[in-house]
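Enquirer: Can you read through this structure? Questions will come right after.
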Ligand code: PGA
């Protein structure tokens, strides 16, 4: 059997609830100047909805790609305040984050809503970055694998191989998000290997081998390379450090270098 193609790392910046349109334009203008080598790494920025179309215009000639932070699964209608996959696509995005732990925690997203959103993203030609990860309490109770298993089942039941091939997964231990407490490369690798193993069981070896699994949670320029050298870590979903142009560019650079592992 021929080995699967190597997975190109992806670094995605999740800006969360930050940046006005003007600030978004300033940040992306600097990123375009600072990030010029895309040979070994793909790069995505995910501004708030309000800045999507302006940033999209700014990225027309750039290899930096655009993502949204959430979507609603219905196409249109009486759903005040919601934004559909079609509208996100229309604003110029190619990616969308789905099921971030902050959405699960503060906005009561469930396995079911994560699954519907993932389906809706695919239907609209968006690449979903589906987030999973355990809380500190769950880790301390030795429930990490159990939680990941339930989240994988919850998100991907009913999907076929072709659909999974369009998806990116992000493992984000909740205790590492915004806390400065990054998972050790070994802790992250253990979880990533588990996720890939479950995906292999459900969707076959080839699909699992090609699946990009990002790590998220306090990724900074100085911990990127060590994480990225682990065999099952294929990039990062970066929150805080993606708001500052130099630190995000440095993460991208370090990921590209480590990718030559
Ligand atoms: P952080 O956030 O990098 O600020 O920890 C990561 C995320 O929530 O995606």
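None of the figures in this text is laboratory data; all of them are computed from the coordinates on show. The shown structure was predicted, so the numbers you read here are calculated from the model rather than taken from an experiment. With ideal geometry, Cβ positions are generated from the backbone for all residues, glycine too; neighbour counts draw on all protein chains shown.
Enquirer: So what does log10 I(q)/I(0) come out to for region 137-233 at q = 0.11 Å⁻¹, using the Debye formula with one equal point on every Cα and no solvent?
Expert: For the requested q values the scattering log ratios are -0.32.
Enquirer: Still on this structure: Over region 84-209, what relative contact order in percent results from Cα pairs under 8 Å that are six or more residues apart? Could the numbers behind the result be given before it?
Expert: Working: 144 pairs, mean separation 30.9, N = 126.
The value is 25 percent.
Enquirer: Go through 38-45, 250-257 and give me the packing order, highest mean Cβ count within 10 Å leading. Show your work: numbers first, answer last.
Expert: Working: 38-45: 19.6, 250-257: 23.0.
Averaged packing, sorted descending, gives the order 250-257, 38-45.
Enquirer: Add -39500 (n - 2.57) for each DSSP H run of 4 or more in the chain, then divide by its residues: what number comes out at 222 nm, to the nearest 500 deg cm²/dmol? Mind dumping the intermediate values first?
Expert: On the way: 12 runs with 115 residues, N = 261.
Computed mean residue ellipticity for the chain: -12500 deg cm²/dmol.
Enquirer: Report the full-extension gain for the segment residue 143 to residue 186: residue separation times 0.36 nm, less the Cα-Cα distance, to one decimal in nm. List each step's numbers first, then the result.
Expert: Numbers: separation 43, 0.36 × 43 = 15.48 nm, distance 1.72 nm.
Stretched fully, the residue 143-residue 186 segment lengthens by 13.8 nm.
Enquirer: Is the shape of region 11-50 best called rounded, prolate or oblate, per the rule: a/c under 1.5 gives rounded, else a/b larger than b/c gives prolate, else oblate, with a ≥ b ≥ c the square roots of the Cα gyration tensor eigenvalues?
Expert: Values: a/c = 3.60, a/b = 1.61, b/c = 2.24.
The shape class here is oblate.
Enquirer: Still on this structure, I have one more. At residue 106 and residue 200, where each label point lies 7 Å from the Cα along Cα→Cβ, what is the point-to-point distance in nanometres?
Expert: 3.8 nm
Enquirer: While we're here: So how do 177-183, 193-199 stack up, highest first, on mean other-Cβ count within 10 Å? Each step should come with its number before you reach the end.
Expert: Numbers: 177-183: 16.1, 193-199: 18.3.
Taking the mean over residues of other Cβ atoms within 10 Å, the ranking is 193-199, 177-183.
Enquirer: Using only the alpha carbons of region 101-181, what is the convex hull's orientation-averaged projected area in square nanometres?
Expert: Values: hull surface 22.6 nm².
Result: a mean projected hull area of 5.7 nm².
Enquirer: Another question, if that's okay. Looking at the square roots a ≥ b ≥ c of the eigenvalues of the Cα gyration tensor of the chain, which shape do they give, rounded for a/c under 1.5, prolate if a/b is larger than b/c, or oblate? Write out the running numbers ahead of the final one.
Expert: On the way: a/c = 1.36, a/b = 1.10, b/c = 1.24.
Rounded.
Enquirer: Would you compute the Debye intensity of region 7-100 from its alpha-carbon atoms alone, equal scatterers and no solvent, and pass along log10 I(q)/I(0) at q = 0.10, 0.11, 0.20 Å⁻¹ to two decimals?
Expert: Normalising to I(0) and taking log10 leaves -0.26, -0.31, -0.96.
Enquirer: Relative to the present Cα-Cα distance, how much length would full extension add between residue 209 and residue 57 at 0.36 nm per residue of separation?
Expert: 51.3 nm
Enquirer: Of the listed peptides 139-146, 209-216, what is their order by residue-averaged count of other C-beta atoms within 10 Å, with the highest listed first?
Expert: Values: 139-146: 14.0, 209-216: 21.9.
Per-residue mean Cβ counts within 10 Å order the peptides as 209-216, 139-146.
Enquirer: If you don't mind, there's one more thing I want to ask. Testing the spin-label approximation: label points 7 Å from Cα along Cα→Cβ at residue 222 and residue 36. State their distance in nm.
Expert: Distance between label points: 2.7 nm.
Enquirer: Separate question: Got the relative contact order for the chain handy, in percent, Cα pairs under 8 Å and 6 or more residues apart? Don't skip to the answer; put the middle values down first.
Expert: Working: 500 pairs, mean separation 59.3, N = 261.
Once divided by the residue count of the chain, the mean separation gives 23 percent.
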